[in-house]
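Provided herewith is a single structure, encoded as structure tokens, for subsequent inquiry.
The values are calculated or read from the model by the stated rules, or taken from the named source; none is laboratory data. The shown structure was predicted, so the numbers you read here are calculated from the model rather than taken from an experiment. Note: ideal-geometry Cβ built from the backbone for every residue, glycine included; neighbour counts use all protein chains shown.
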Amino acid sequence: MKTVRIGAGAGFSGDRIEPAVELAEKGELDYLVFECLAERTMALAQQARLENPDAGFDPLLERRMRAILPAIGGRKPRIISNMGAANPLGAARRIAEIARELGCAPLRIAAVTGDDVLDRISDYKLEDGGSLVGALGERLVSANAYVGVGPIVAALEDGADIVICGRASDTALFLAPLVHEFGWAMDDWQSLGRGTLVGHLLECSAQVSGGYFADPGVKEVPNPAHIGFPLAEISEDGNAVITKLPGTGGCVTRATCAEQLLYEIHDPARYYQPDVIADFSNVMLSEIGPDRVAVSGATGVAASGQLKVSVGYRDGWLGEGQISYAGANCVARGNLALAILEERLAVKGSSVLESRGELIGLNAVSPGVRAISPANEPPEVRARFAARCASREDAERVADEVESLYLCGPAGGGGVTRRVREIIGIASAFVPADRVPLSVQIVVA
């Protein structure tokens, strides 16, 4: 039975680069997939392109390509990625320039465009609240639909060595090469469901090979400083083995796969994707060797015909500051610092839309905790105060007030940091899939 080998080269925009190079050089892969987008990442990319039409793709694209292209000298593995973000064509052109600079063999680089639906989203409703997207007015920054495998498969069939997408579904990046290689029909719901499972297990890179898993004394992970990214060996029936390169850090076990299987899943029997509604409720995970887990049992039903759209909008300004207090009575001094800030900033006024004060080390995760007995007091806390404001000027005032605690606050404060930035809010909408025409453009390097 034919087998396709797919490696995970990244699970988010800032992921490590070295493990992907290892996979490209030693993994005997057919495909290497870089999944680098999140909802807010996409909105920020659109914001960057508004300021510079040549920008808008992943900020690490150049570093990744300079590391990866020499490792795929023979044009294998083929690369699929959503690093195009808000500017897939610009990303493809930049990759072509880098390939020529490096003296690579001729490459066909495909840019998948059409996921940007900003010009046709205004009459659709936002999911939270039910208001029309158009009601956001000038605050609206971006609207990108999660698209499926169709244009990626078309690019591969056109001989693309590298496929660069915008807001493709995470799992579609992995499902597309399987549809291409095995010739799966787009109504073969079982195969599409199984391919979606493979994509879901690989999409977060090291999460399935021991990253975001270690809990010392409870769940041990060997050599996490040199964790290896995962790869899958997928059979024509859609079932697969998840593994990693020998000698790399981390581990692939039934437990790591089970945690990733459940990650960001609401109803495991109905995992909505652009091409299929996958059913993971009868998935089986079996350890068949060291760092080798067989996965089987997924299936699926017809897709909904609707595409999720990630809508980015301007939502004010964040003003934030932090200051540390250590030693005896540090909790009381930290609480006094926060009380001073609340009074100074009159947080119930119109200039501050919402605010939060916390002591990191005491109640940043458990906000109900306000005090602690002296016997159990931590050796140090860090007071953090953040506010969402209507204007940059108001946000600057928040940061200024935290900095003023150096001399106008409780004793012993130090290590002040401050930050002011615009907030990009994220909401969701749905559009019919037939309202999102997609296209593929080839750039030759």
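Which of the strands (runs of 3 or more DSSP E) contained wholly in the range 285-355 include at least 1 residues that are over 32 Å from the mean Cα position of the chain (by Cα) and among the hydroxyl-bearing types (S, T, Y)?
The qualifying strands (runs of 3 or more DSSP E) are 306-326.
For the range 411-443, how many residues are at pLDDT 95 or above, within 24 Å of the chain's Cα centre (by Cα), in a strand (DSSP E or B) and among the hydrophobic types (A, V, I, L, M, F, W, C)?
Residues in the range 411-443 being at pLDDT 95 or above, within 24 Å of the chain's Cα centre (by Cα), in a strand (DSSP E or B) and among the hydrophobic types (A, V, I, L, M, F, W, C): 5 in total.
Tell me whether the range 160-175 contains one or more residues that are under 23 Å from N144 (Cβ atoms), assigned to a helix (DSSP H, G or I) and among the polar types (S, T, N, Q).
No, that holds for no residue.
Restricting to the range 230-259, what's the tally of residues that are of a type outside the set (A, V, I, L, M), assigned to a helix (DSSP H, G or I) and within 22 Å of the chain's Cα centre (by Cα)?
Going through the range 230-259 one residue at a time, the tally reaches 3.
Go through the range 176-186 and give me each residue that's in contact with a strand residue (DSSP E or B) (Cβ under 9 Å, 6 or more places away or on another chain) and over 20 Å from Y146 (Cβ atoms).
Within the range 176-186, E181, F182 meet the criteria.
Identify, from the list I72, I79, the residue that is within 21 Å of D170 (Cβ to Cβ), hydrophobic (A, V, I, L, M, F, W, C) and either crowded, with 19+ Cβ neighbours inside 10 Å or in contact with a Cys (Cβ under 7 Å, 6 or more places away or on another chain) (or both).
None of the others qualify; the one that does is I79.
Taking the range 120-154 as the region of interest, how many residues are free of Cβ contacts under 8 Å to residues at least 60 places away in the same chain and either assigned by TED's automatic domain parsing to the domain that holds P77 or within 18 Å of A172 (Cα to Cα) (or both)?
1
Give the number of residues within the range 296-323 that are touching an Asp or Glu at 6+ places or on another chain (Cβ under 6 Å) and surrounded by fewer than 19 Cβ atoms within 10 Å (Cβ to Cβ).
Qualifying residue count for the region: 0.
Counting just the residues of the range 1-19 that are in contact with a Phe, Trp or Tyr (Cβ under 6 Å, 6 or more places away or on another chain) and of a type in the set (G, A, S), which one comes out farthest from L245 (Cα to Cα)?
In this case the residue turns out to be A10.
Please state which one of I372, I360 is touching a Lys or Arg at 6+ places or on another chain (Cβ under 6 Å) and surrounded by fewer than 18 Cβ atoms within 10 Å (Cβ to Cβ).
I360
Between a residue in the range 233-244 that is over 12 Å from C257 (Cβ atoms) and any residue that is basic (K, R) and in a strand (DSSP E or B), which pairs come within a Cβ distance under 8 Å, given they are 6 or more apart or on different chains?
Within 8 Å, the pairs are E233/R5; I234/R5.
Output the qualifying pairs, or none if there are none: Cβ atoms under 8 angstrom, residues six or more apart or on different chains, first residue in the range 357-368 and modelled with pLDDT under 95, second residue surrounded by fewer than 20 Cβ atoms within 10 Å (Cβ to Cβ) and part of a loop (DSSP other than H, G, I, E, B).
If the second residue must be surrounded by fewer than 20 Cβ atoms within 10 Å (Cβ to Cβ) and part of a loop (DSSP other than H, G, I, E, B), the pairs left are G361/P378; L362/V369; L362/I372; L362/P378; N363/V369; N363/R370.
In the set F57, F12, which member is aromatic (F, W, Y) and closer than 22 Å to S439 by Cα?
Only one candidate passes the filter, namely F57.
Which residues, taken from the range 374-406, are in a strand (DSSP E or B) and over 17 Å from R356 (Cα atoms)?
Scanning the range 374-406 gives a single hit, E380.
Could you please let me know if G129 is of a type outside the set (S, T, Y), surrounded by 19 or more Cβ atoms within 10 Å (Cβ to Cβ) and part of a loop (DSSP other than H, G, I, E, B)?
no
Could I ask something else about it? What are the pairs, 6+ residues apart or on separate chains, where a residue within the range 248-264 that is under 17 Å from D215 (Cα atoms) and among the β-branched types (V, I, T) has its Cβ under 8 Å from a residue that is assigned to a helix (DSSP H, G or I) and at pLDDT 95 or above?
From residues that are under 17 Å from D215 (Cα atoms) and among the β-branched types (V, I, T), the pairs are V252/V208; V252/S209; T256/Q207; T256/V208; T256/S209.
For the range 328-340, which positions are modelled with pLDDT under 95 and in contact with a Gly (Cβ under 7 Å, 6 or more places away or on another chain)?
Within the range 328-340, no residue meets the criteria.
Out of all the residues in the range 194-206, is one or more in contact with a helix residue (DSSP H, G or I) (Cβ under 9 Å, 6 or more places away or on another chain), more than 30 Å from T41 (Cα to Cα) and assigned by TED's automatic domain parsing to the domain that holds V276? Spell out how you get there, then give the answer.
Residues of the range 194-206 in contact with a helix residue (DSSP H, G or I) (Cβ under 9 Å, 6 or more places away or on another chain): 194-206.
Now narrow it down to the ones that are more than 30 Å from T41 (Cα to Cα): none.
No, the range 194-206 contains no residue that is in contact with a helix residue (DSSP H, G or I) (Cβ under 9 Å, 6 or more places away or on another chain), more than 30 Å from T41 (Cα to Cα) and assigned by TED's automatic domain parsing to the domain that holds V276.
May I pose another question? For the range 362-415, what are the residues that are in contact with a Phe, Trp or Tyr (Cβ under 6 Å, 6 or more places away or on another chain) and either more than 15 Å from G327 (Cα to Cα) or among the acidic types (D, E) (or both)?
C389, R392, A395, V402 - these are the residues of the range 362-415 that are in contact with a Phe, Trp or Tyr (Cβ under 6 Å, 6 or more places away or on another chain) and either more than 15 Å from G327 (Cα to Cα) or among the acidic types (D, E) (or both).
Hey, any hits in the range 260-269 for a residue that's among the charged types (D, E, K, R), under 22 Å from the mean Cα position of the chain (by Cα) and surrounded by 15 or more Cβ atoms within 10 Å (Cβ to Cβ)?
No; the residues of the range 260-269 include none that is among the charged types (D, E, K, R), under 22 Å from the mean Cα position of the chain (by Cα) and surrounded by 15 or more Cβ atoms within 10 Å (Cβ to Cβ).
Quick check on this structure: which one of G7, G14, G56, G84 is within 18 Å of the chain's Cα centre (by Cα) and in a strand (DSSP E or B)?
Values: G14 fails: in a strand (DSSP E or B); G56 fails: in a strand (DSSP E or B); G84 fails: in a strand (DSSP E or B).
The conditions single out G7.
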